[in-house]
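Okay, so here's the structure we're looking at.
None of the figures in this text is laboratory data; all of them are computed from the coordinates on show. Bear in mind that the values here come from a model prediction, so they are computed numbers and not experimental data. Here Cβ is always computed from backbone atoms with ideal geometry, including for glycine, and neighbour counts include all displayed protein chains.
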Amino acid sequence: MDVSKKPGSNGQIPLLPIALAVVAILLGGFVIGATTGAIFPVQASTAAYAIDQLFFVLLTIGGMVFLLVQGLLYYSAIRFRVNDQDTEDGPNFHGNATLEFVWTGIPSVIVVVLVFYSWSVWNQIQAPQPNETTVHVLGQRFNWVFTYSDPLGRLEQNPDLAQTFTSNQMYTYVGQPILLQIDALDVNHAFWVPTMRIKQDALVGRQTELRFTPTREGRYRVVCAELCGGGHGAMYTYINVFPDEETYLREFVDPQVNFILNPPDDPVLRAPTVLANYPCSGCHVLDSLGWVGIQGPSMNNMADTAVRRATTYNAPSPEYYIAHSIRWPNDDIVPGFNAGVMPQFGASESEPAQVEGAYYRYMPDEDLIAITAYLCTQTTAPESPCGDLEAIRVAVEEQR
Amino acid sequence: MASISVPLGGVGATTAPRPKLSEYLRWSVDHKIIGVQYIATSLFFFIIGGALAMLIRAELLTPAQDFMVDGAAYNTLFTMHGTIMIFLWIVPVLAGFGNYFVPLMLGAKDMAFPWLNAFAFWLIPPAGLLMLLGWFIGPAEAGWTSYPPLSTHFSPDGQTLWAISLHLLGVASILGGINFIVTIRNMRPEGMKYFQMPLFIWAVLAQSVIVVLATPFLAGALTLLILDRVAGTAFFTPSQGGDVLLWQNIFWFYSHPAVYIMVLPAFGMISEILSVHARKPVFGYRMIALSSMAIALVGFTVWAHHMFTSLQPELRIPFMITSMIIAVPTGIKVFSWLGTIYGGRIRWTSAMLFAMGFISMFVIGGITGVMVASVPVDIHLHDTYFVVSHFHFVLYGGTVFGVYGALYHWWPKITGRMMDENLGKIHFALTYLSFLGTFFPQHLVGMQGMPRRVAEYAPEFQAMNIIISISGFVLGVSTFLILYNMVWSLYRGKIAGSNPWRALTLEWMTTSPPPPYNFVGDPIPFEDPYGYGTEASREYLKAMDERFVAPMLNPALRKRPDAQLPAPNPSAGD
Amino acid sequence: MQRSNEFPFEFDRERQQQRQAEIALKNKRMGINLFQISWIMAFVCLSVVNLVMRGNAPSWPPPGTPPLDPVLPTIATLGLIASMVLARRAFLAIQTDKLSAFLVQWRAVLGLGALFVAVMIYEWITLTPTLDGPPNQFNTIFRLMTAFHSLHAIAIGVYLIWVLRRAAQGVYRHADFWDIEAGSKLWYFVVIAWLLFYAVLYII
């Protein structure tokens, strides 16, 4: 932009080349800025539009600066190159106050503009929306647990029943303004949906909030963006955006509410919903439920595995082994895996949050019975090697 | 080989004796020995940190976690890579150049506190050893930022060693910082005013101010971390009343200024190299000098921009404002450098190529820096590969390119021999291209949704990661070119003479390598350290060479007792 | 070029050495001052930690923890301030070769310092709940700050004792008193660091 005022030009200012260079830099900046849309993933929330627009401006200005600096640099390096053996000096030229004022002033103005623009975008994306739905999410190594209440208030009429339901994936619909309350159980995590351009750290001991409104139907990856340990890369889940509220209620909320209102008697049928309350799928593989975690041992054919491990570990029965391994995960470490990674799912609600060697979470006996019964069905044999439901109940109660 | 050295009057025909190897292996209070000790030690850690980076890139060739046995082992890789590169490579190598050249550029016989100087250096090998010993008891795996509770309740004992090691390194840099400030303030030659100091000295001064004021905060944070780990306190454990953000605030209050600790001296190196090799005075000398100080001061007010996704929302905007403001003095520097080379007579020496490469890469880091300073954009980009890319453009494309340039530029002074220029140019070309190939695509994967610090990532990023990894391997290999060149030049390099680049600053007004007492008598600085293009400067160079430096090469005079004046006060450094 | 065989510079060895000695003293003075400025930041850091913890806590001190009793520490603090004045006077005394006055005042500094450290150790141990009791943030940060400060006081006190012994042997006189200057400046540091902590712990 100010090539003319630089030293070294021999008296006359070559206007045409400079004008061309300025035009090239300005246009080039726009071309670079225009790649914004091509680079970013799809825009799936209101914030995405505002942030992409801001990024476009930043990239355009940045692109112009880039072209100006690289252009001058390459031009100088080539145009003013001399032989290595040259012993002449360049001109004794110390500076130019006008030029220095210009390149202090223009960036300052740009910076002020960017500050105000960013500020307004920030106010826009974090502004509270009318009719926000509050969803709670708990980050724990290495999975997320989302907790919802019934938007139609059906559960409130039955105060004896659970008032909320949980899932390991998030469900919402296009246009639903969401207030996400974020907690972390063990270490810090960060809730990030790249397609929605939203991110908020989950901090231990400090609840944080995140507001967003999905604008696009689909299934998008939720990524943990704060280092949380060995399974950090595997700590992802999905946010499922239904096209409208009706579908959302029909596909997600109603079955959950029905399950609470009319729970099936068979614990095996209850298990998948019960399991959604816990982070198991973050670390274990279980094909029948679509788990893909790798930090812990596989749960496929768990009943058969339990028969083998029960022998080495001197457990009285496979169901005892399964229940015990959930209540006391560090007692028997499968070769190749580390102690202290799996939280201890204890039977007492009042246990301190921090126990020796592992994190503690409360798991009622009913839940453990359902989970154990479900894992007992995971076998290649025609019949489960475990005992019957009563044996499982006894085995679970022995773990207290 | 293209000879750049047209040494004046045949001085290059003889070389001054080099210190013996054994002198580098033991305690010495000579700032030049200490400087080389710093540089050699940090190069050793550079290789280790680089090897870790190669392992990281090997793991990331596939989206699954396959190469490393488990995720925690992968976490130790980047934790140690980051810590080693920052605290055991960049910081000490810059301290090494500062040690070697600050007294020389001031025409002084040594640093203000030679004993303290040696003590500060000798803290580094044990600290580095402690850091590496972590591998035998379970190394730190919470990232170089070590956010609790991951670093308190979920990290093995190596994390404690990590903290103790950083404590020692912090003490070393505080002692070094005090030493630099006192040296620069008190030991300037008569007649050199502050605004006649070389810009490298200005940069070291600004850096030392940050070191002295910020590093005690690191000491405080690490003390709390160690107590939480070993003494059962709960400063960072929320269930017992602690606060996880407390660590983030104190840590970044040190660690953001630490970024300027790591980059300011490189700014100084670049200013030297560009001016000397373009044979043109530094454009806007005062603005460059003052912008260093401005960066040092504003740098203390920006720390929380590392916490835009964890900080309380209402506090984010103020930190965005200060973070954006700091772009202005940085921009002034870049434009001043361009003004310096524009219209000069540029020799494409290896040093100059790296200095120009610095501008080329650093400006990208600067632009992305403004992007991530903007709160809404950073909400998306925070903790992604975009940030990884940003700080590598600043610290590798910036500082490491600067250090490479400084090595080519000052190696003749340190060893008395030139490095091979052809090999140096190949090194530059390979580094420049493979650096771009490694780090530029990281912007894109970061924007598309790949978080940092993961061993496992979404399959759609694999193609890009393969490009990054292969470029990374080339970048790793290219490092060995300069290491080979350094060793080769010791034995086969062209004899450099006292002033192969015909530079005006005082470090060149002595033999290469300088004698233990640096100068016989006190050198007289030229009125303008970058006064190229004047008759006076040419006469000054000629006069200094003939009347001041040449006698120092005369063995008879080297032995004169007058020449053997001790460095001021070598023992009472404390 | 012809190489001169004569040494081209005049060399006044005595002047050179004198100048070096002057610079060395100037360096040491500035070095101590910078160290004071730098290391006080560690104390500032702990003070900030204290204030942040206080801001986070629902009540401070936490329920069940009695507030600090300021009587003994305040007396000790007054003693510490007096010791700073005495250290200054002792430093001035040695510059005019008043060795006996120096020794008396320096011993008084050490005595007051020892008293202060003893009081802080007493406070540290008797703080309720005691060390065996349940940990709480209030006690932890109090113990950390006072221990951190007292360790500095003890380390510098040991240096002051070394200076005292040397002074008693007659090592220092008006032309050579660097150790005493360093000792007194380090002692000012101890006092000022404590005043910062005192303000944070007992006043604010």
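Please give the charge dipole size of the stretch C:128-204, origin at the Cα centre, charges +1 on K and R Cβ atoms and -1 on D and E Cβ atoms. Round to the nearest 20 debye.
Details: 5 positive and 4 negative charges, 24 e Å.
Computed about the Cα centre, the dipole is about 120 debye.
Using a Förster radius of 22 Å, what is the FRET efficiency between B:Leu490 and B:Leu430 based on their Cβ-Cβ separation? Nearest 0.05, please.
On the way: r = 22 Å, r/R0 = 1.01.
Between B:Leu490 and B:Leu430 the formula returns 0.50.
Please list, by residue number, every one of the chymotrypsin sites (Phe, Trp or Tyr not before Pro) in the stretch B:20-83 that is coil in DSSP and has at most 13 other beta-carbon atoms within 10 Å.
Details: sites: B:Tyr24, B:Trp27, B:Tyr38, B:Phe44, B:Phe45, B:Phe46, B:Phe67, B:Tyr74, B:Phe78; in loops: B:Trp27, B:Phe67.
Those satisfying the criteria are B:Trp27.
Where the only charges are on Cβ atoms (+1 Lys, Arg; -1 Asp, Glu), what is the dipole of the stretch C:2-203 about its Cα centre, to the nearest 20 debye?
Values: 17 positive and 12 negative charges, 56 e Å.
Roughly 260 debye, rounded to the nearest 20.
Between rounded, prolate and oblate, where does the stretch A:33-126 land on the alpha carbon gyration tensor, with a ≥ b ≥ c its root eigenvalues, rounded for a/c under 1.5, else prolate if a/b exceeds b/c? The partial results should precede the final answer.
On the way: a/c = 6.24, a/b = 2.11, b/c = 2.96.
Judged from the Cα gyration tensor, the stretch A:33-126 comes out oblate (a/c at least 1.5, b/c at or above a/b).
So how do C:Cys45, A:Cys228, A:Cys376 line up by other beta-carbon neighbours within 10 Å, fewest first? It would help to have the intermediate numbers written out before the result.
Values: C:Cys45 21, A:Cys228 28, A:Cys376 25.
Ranked by crowding around the Cβ, least crowded first: C:Cys45, A:Cys376, A:Cys228.
In whole Å, what is the distance between the alpha-carbon centres of the stretch B:186-263 and the stretch B:487-525?
34 Å
Indicate the gyration tensor shape class of the stretch A:296-400 (rounded, prolate or oblate), computed on the Cα atoms with a ≥ b ≥ c the square roots of the eigenvalues: a/c under 1.5 is rounded; otherwise a/b larger than b/c is prolate and the rest oblate. Don't skip to the end; give the middle numbers.
Numbers: a/c = 2.05, a/b = 1.34, b/c = 1.53.
Since a/c reaches 1.5 but b/c is at least a/b, the shape of the stretch A:296-400 is classed as oblate.
Between the stretch A:273-342 and the stretch B:313-337, what is the separation of their alpha carbon centroids in Å?
Rounded to whole Å, the Cα centres lie 51 Å apart.
Can you list the residues, at least 5 places off or on another chain, whose amide H is less than 5 Å from the amide H of A:Tyr173, using H built in the peptide plane?
For A:Tyr173, the qualifying residues are A:Phe242.
Would you be so kind as to identify which of A:Asn83, A:Tyr362, A:Thr208 lies farthest towards the positive end of the dipole of chain A, taking Lys and Arg as +1 and Asp and Glu as -1 on Cβ and the Cα centre as origin?
The residue sitting most towards the positive pole is A:Asn83.
Using θ = phi - 60° and the Karplus relation 6.51 cos²θ - 1.76 cosθ + 1.60, list the HN-Hα couplings for the stretch A:100-114 in order, rounded to whole Hz, with x at every Gly or Pro.
Listing the rounded values in order: 5, 5, 4, 7, 8, x, 4, x, 4, 4, 4, 4, 4, 4, 5 Hz.
Extending each Cα 7 Å along its Cβ direction at C:Ser100 and B:Trp122, get the distance between those two points in nm, one decimal.
4.4 nm
What range in chain A is the longest one free of GluC sites (Glu not before Pro) that are in a loop by DSSP and have at most 16 other Cβ atoms within 10 angstrom?
Numbers: sites that count: A:Glu88, A:Glu132, A:Glu217, A:Glu349, A:Glu356, A:Glu383, A:Glu398.
Of all site-free stretches, the longest is A:218-348.
Quick one: check the C-alpha center-to-center distance for the stretch B:105-151 versus the stretch A:50-88, whole angstrom.
The distance from the Cα centre of the stretch B:105-151 to that of the stretch A:50-88 comes to 37 Å.
Compute the acute angle (0 to 90°) between the alpha-carbon long axis of helix B:401-415 and the principal axis of greatest extent of the alpha-carbon atoms of chain B; round to the nearest 10°.
Roughly 30 degrees, rounded to the nearest 10.
Say we join alpha carbon atoms closer than 10 Å with springs in a Gaussian network model of chain C; which of C:Leu68, C:Leu160, C:Leu80 then has the biggest fluctuation?
Of C:Leu68, C:Leu160, C:Leu80, the Gaussian network model singles out C:Leu68 as fluctuating most.
With springs only between Cα atoms under 10 Å, which of A:Ala202, A:Ala339, A:Ala47 fluctuates most in a Gaussian network model of chain A?
A:Ala339
Per-residue HN-Hα couplings for the stretch B:245-251, Karplus 6.51 cos²θ - 1.76 cosθ + 1.60 at θ = phi - 60°, whole Hz, x for Gly and Pro?
So the J values, rounded to whole Hz, are 6, 4, 4, 4, 5, 5, 4.
Rounded to the nearest 500 deg cm²/dmol, what is the calculated helix-only ellipticity per residue at 222 nm for chain B, with -39500 (n - 2.57) per DSSP H run of length n ≥ 4?
Numbers: 22 runs with 351 residues, N = 574.
The helix-only estimate for chain B comes to -20500 deg cm²/dmol at 222 nm.
Looking at the protein assembly as shown, send over the antiparallel percent of its DSSP beta bridges, to the nearest 5. List each step's numbers first, then the result.
Numbers: 36 of 53 bridges.
Percent antiparallel among DSSP bridges in the protein assembly as shown is about 70.
Once amide H atoms are built 1.01 Å from N in the peptide plane, which residues 5 or more positions from B:Ile346, or in another chain, come under 5 Å H to H?
A:Arg81, A:Val82
What aspartates and glutamates sit close enough to C:Lys28 to cross-link, taking a C-alpha to C-alpha distance under 19 Å and skipping anything fewer than 8 places away on the same chain?
B:Asp30, B:Asp110, B:Asp574, C:Asp176, C:Asp179, C:Glu181
Please list, ordered by chain and number, the residues whose modelled amide H lies under 5 Å from the amide H of A:Tyr360; skip anything fewer than 5 residues away on the same chain.
Close amide H contacts, sequence-distant or interchain: A:Gln344, A:Val355.
Computed FRET efficiency, Cβ-Cβ of A:Ile333 and A:Asp266, R0 45 Å: what is it to the nearest 0.05? Spell out each step's value before the answer.
On the way: r = 32 Å, r/R0 = 0.71.
The formula returns an efficiency of 0.90 here.
I'd like the Karplus ³J(HN,Hα) series for the stretch A:137-147: coefficients 6.51, -1.76, 1.60, θ = phi - 60°, whole numbers in Hz, and an x wherever there's a Gly or Pro.
In residue order, the calculated couplings are 10, 10, x, 8, 5, 10, 7, 10, 10, 9, 10 Hz.
Gaussian network model of chain A, Cα springs within a sub-10 Å range: biggest mean-square fluctuation belongs to which of A:Asn301, A:Asn258, A:Asn240?
Answer for the Gaussian network model of chain A: A:Asn258.
What is the spin-label model distance, in nm, from A:Val82 to B:Lys193 if the labels are put 7 Å beyond Cα along the C-beta direction?
With each label placed 7 Å out from Cα toward Cβ, I get 3.0 nm.
By count of other Cβ within 10 Å, fewest leading, how are B:Ser28, B:Ser271, C:Ser59 ordered?
Ranking B:Ser28, B:Ser271, C:Ser59 by Cβ neighbours within 10 Å, fewest first, gives C:Ser59, B:Ser28, B:Ser271.
Starting with the fewest neighbours, write out B:Thr79, C:Thr74, B:Thr145 ranked by other beta-carbon atoms found within 10 Å of each beta-carbon. Provide the component values of the computation, followed by the final result.
Numbers: B:Thr79 27, C:Thr74 14, B:Thr145 19.
Fewest-to-most Cβ neighbours within 10 Å comes out as C:Thr74, B:Thr145, B:Thr79.
For the Cα atoms of chain A, what angle does the longest principal axis make with the long axis of helix A:365-376, in degrees from 0 to 90, nearest 10?
Compared with the principal axis, the helix lies near 90 degrees.
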